[in-house]
1. Anything in the range 44-79 that is more than 13 Å from the chain's Cα centre (by Cα) and within 15 Å of Thr114 (Cα to Cα)? List them, or say none.
2. Hand me the list of strands (runs of 3 or more DSSP E) wholly inside the range 1-99 holding 3 or more residues that are under 18 Å from Thr135 (Cα atoms) and modelled with pLDDT of 80 or more.
3. Just the residues that are at pLDDT 90 or above, surrounded by fewer than 16 Cβ atoms within 10 Å (Cβ to Cβ) and either part of a strand (DSSP E or B) or among the small types (Gly, Ala, Ser) (or both), please, taken from the range 100-138.
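The values are calculated or read from the model by the stated rules, or taken from the named source; none is laboratory data. Predicted model only: the values in this text are computed from it and were never measured. When we count neighbours, we look across all protein chains shown, and the Cβ atoms used for this are built from the backbone with ideal geometry, even at glycine.
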Amino acid sequence: MAQINKTTFKDTNNTYEHSDELFDAIIDNSNDLDFRAPLFSFPTAGGGISSYATRVAIRMGDFVLINIAGTLNNSSDSTKTIGTLAEGYRPSANRTVKVITVTSANLILHRDATIFTNGMIQVYTQTHEQTLDMTCVFQLT
């Protein structure tokens with residue numbers, strides 16, 4: 001049985017329970033690492049990020065790890081499309097995943113990102129945020 005860990009986020013004072021089972025599954029699938037390019041297509045008009053520092057998607061068996069970092073186009077508090085995953089990296093059903101983001105103010109924020117079956121990745125950002133550094137892991141099936 002997996003040990004249950006608890007993490008409390010200071011900005012929301014919410015406590016979340018999680019186990020190491022996800023990391024064990026990633027390790028179990030590490031022989032199936034798949035690095036393919038191009039992994040993303042990026043919106044030009046109306047996109048959420050004006051320039052990218054990092055765009056990485058790594059498939060590990062049935063799991064995908066995403067890291068996206070860059071400068072935000074931020075004129076309002078809203079949900080922004082920040083990229084689209086290539087086929088083979090898209091979930092079989094829409095996924096809402098918990099992500100940790102680091103903003104330009106060096107705040108660590110806990111929020112949701114949505115990854116759609118068409119590969120579109122959306123995340124909510126606030127006007128005062130100038131940069132985004134987002135990492136998440138999700139299961140394909």
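1. Selection gives Gly48, Ser78, Thr79.
2. Correct list: 49-60, 63-72, 78-85.
3. Within the range 100-138, Thr114 is the sole residue that qualifies.
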